Amino acid sequence: MQELTESILQYIEQHGDVDTLDLVPVFGEDHQKIVGAVKSIESTAADVIKTDQITNKCWELTGEGKEILTKGSHEAVVFNSVPPQGISQADLMKSSPNAKVGFSKAMSNGWILMDKSGGAPLIKRKVEKIEDVVRSHVKAISEGKDKEVPDGVKNEYKKRKILAESVTKSFRLSKGPEFSTSLKKLETDLTVEMLASGIWKDLKFKPYNFDALGANPERGQLHPLMKVRSEFRQIFLEMGFSEMPTNNFVESSFWNFDALYVPQQHPARDQQDTFFVSHPQLSNKFPTHLLGSVKDAHESGTDGSVGYRYDWKLEEAQKNVLRTHTTGVSARMLYKISNQPGGFKPVKYFSIDKVFRNETLDATHLAEFHQVEGVVADYGITLGDLIGTFNAFFNKLGITELEYKPTFNPYTEPSMEIFCFHPGLQRWIEVGNSGVFRPEMLRPLGVPEGVNVIAWGLSLERPTMIKYGINNIRDLIGPKVDLRMVQDGPICRMNH
């Protein structure tokens, strides 16, 4: 490349202005390579040469045009196929591949006629001889004499696909204000050494492009889940809730199940629904007096109930699991406030943290997800207070299409599932479960009579899917998430 750039500069020195197309036969190089050498000269020393772009249009014969050059135009071929005595139209159409076009042109030129006097149409010559102007034009263009052919005619031949117009771009090269036959690379950086030694005075620097855009700085991005989580948390705080500590992913079966009045033979405690921890496999951190009251509630009930009527085993309660919900934290907090000095006081608690279930993965289920836990404990509250709390909470999120469905939970009665309408999926999806805690759960914890506790566990992922129009939960969280979705995610707001 360096030899070619110097050869171009020497040619300009000796011959003056030149078109890059004219340099192709001089140097025996491809035109694109010559243009590349010119660009190299410009990038190394901007004022050495001046370049002006030239657009050259030329006409070339197509395959059909080349056939006309050797055999004649289609209309001439048709004329020459008509004998003096005439020929049937059907036979004439078989005389050449382009007979149909040639027949039409020959008829419009007045070279042939159709004689119907004898019954069947007969094609006869109308003139004795013709001049094949189309072939003459094609020959002139093939010899580089396209200026002899009128532009209107060339455009007509282009429509007939006899000719094709090609555009070639080249550059007119001339000497610049700092022309030289040798290139000296311009400096791009002003260094401390240059300033200290003073050599910068003798150096030439590449001009700075102050209009160039800088690179976009890398920055952290909030995941949509974190945006919605922050919004959920702010709403809870605005509604007067306090946040519960939920920093223990590993929970004992006692707090995860037994303290919630879930029987030890319940299907949710099977391997199919729960991840059991192998190390440490068992836990012994329980309030001793609480074990007895929970055992009694399971075996014989409380407040008039008869319990589950089975032998409750401490070994089963000791098994450690990855928590399947954060309701165990709620039970621990209810035990704490009910046994604090000064007695029970009404509370409103919430938490937002991860839970784990051995689920079958699909568009709305993952094995690891977030639960939004809420608990309100006070005298005389009812299911109506629970529904009112939900409506207020989701309205603040901008989600107004809610439905409630009765369900069964071991630790709540009555119980409700909460559904939101997903516009993308065009169906209702479950976003949480709720209810009023049963006395069999509350009394062993020390919650006094007359105190009702409403509680709920909501999904964080599913409301996020609704708000961001995501149809598959695996596009929101997990190994298949497109990070551009995180980077380009809009501010979390619903369209009303």
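Shape class of the range 125-259 from the Cα gyration tensor (axes a ≥ b ≥ c, square roots of the eigenvalues): oblate, since a/c reaches 1.5 or more and a/b does not exceed b/c.
Calculated FRET efficiency, C58 and L383, Cβ-Cβ r, R0 56 Å, to nearest 0.05? Here the calculated transfer efficiency is 0.05.
Over all other residues within a Cβ to Cβ distance under 9 Å of F350, the charged ones net out to 0, with Lys and Arg as +1 and Asp and Glu as -1. Can you classify the range 131-210 as rounded, prolate or oblate using the Cα gyration tensor, where a ≥ b ≥ c are the square roots of its eigenvalues, rounded means a/c under 1.5, and otherwise it's prolate if a/b beats b/c and oblate if not? Prolate shape, in that a/c is at least 1.5 and a/b is the bigger ratio. If I compute solvent accessible area with a 1.4 Å probe over the protein chains, what percent of it on the chain is carbon and sulfur? Looking at the chain in its full context, I get 50 percent from C and S. Taking all protein chains together and rolling a 1.4 Å probe, V329 ends up with roughly 0 Å² accessible. For the listed peptides 368-376, 142-150, a ranking on the average number of other beta carbons within 10 Å per residue, highest first, reads 368-376, 142-150. Placing +1 on the Cβ of every Lys and Arg and -1 on the Cβ of every Asp and Glu, with nothing else charged, gives the range 1-127 a dipole about its Cα centre of roughly 1600 debye.
When H325, H289 are compared by accessible area at a 1.4 angstrom probe, the order from most to least is H289, H325. Under 14 Å from a label point set 7 Å out along the Cα-to-Cβ vector of S293, the amide N atoms of the range 328-360 belong to 331-341, 343-345.
For the range 286-445, the tally of Lys pairs with Cα-Cα distances below 21 Å comes to 7, considering only residues 8 or more apart or on different chains.
With a 10 Å radius around each residue's Cβ, average the other Cβ atoms per peptide and rank 76-84, 230-238, highest first. Don't jump to the answer; show the numbers that get you there.
Details: 76-84: 18.7, 230-238: 15.6.
Per-residue mean Cβ counts within 10 Å order the peptides as 76-84, 230-238.
D19 contributes about 20 Å² of solvent-accessible surface, heavy atoms of the protein only, 1.4 Å probe.
Simple rule: put +1 on each Lys or Arg Cβ and -1 on each Asp or Glu Cβ in the range 404-488, find the dipole, and look at L460, V436, L425; the Cα lying farthest toward the positive end is L425.
In a reduced charge model with +1 at each Lys and Arg Cβ and -1 at each Asp and Glu Cβ, the chain shows a dipole moment near 1380 debye about its Cα centre.
Sorted by mean Cβ packing within 10 Å, highest first, what order do the peptides 245-255, 199-209 take? The partial results should precede the final answer.
Details: 245-255: 17.7, 199-209: 10.1.
Descending packing order for the listed peptides: 245-255, 199-209.
Could you tell me whether the range 183-277 comes out rounded, prolate or oblate from its Cα gyration tensor? Rule is a ≥ b ≥ c as square roots of the eigenvalues, rounded for a/c under 1.5, then prolate if a/b exceeds b/c, otherwise oblate. Present the calculation step by step, with values, prior to reporting the outcome.
Numbers: a/c = 4.92, a/b = 3.45, b/c = 1.43.
Note, shape of the range 183-277 comes out prolate.
Just list whichever of K139/K169; K50/K201; K71/K139 have alpha carbons separated by over 19 Å in the model shown. Beyond 19 Å: K139/K169; K50/K201.
Amide H contacts of M416: T407, S434, G435, each under 5 Å away and 5 or more positions distant or on a separate chain (H built 1.01 Å from N in the peptide plane; Pro and chain starts excluded). Between the amide H of V372 and those of L458, S459, L460, distances stay under 5 Å, these residues lying 5 or more places away or on another chain, with hydrogens modeled in the peptide plane.
The values are calculated or read from the model by the stated rules, or taken from the named source; none is laboratory data. A quick note: this is a predicted structure, and the numbers were derived from the prediction, not measured. Neighbour counts run over all protein chains shown; Cβ positions are idealised from the backbone, glycine included. These area figures cover heavy atoms from the full protein model, side chains too; ligands, DNA and RNA do not enter into them. Shrake-Rupley method; radii C 1.70, N 1.55, O 1.52, S 1.80 Å.
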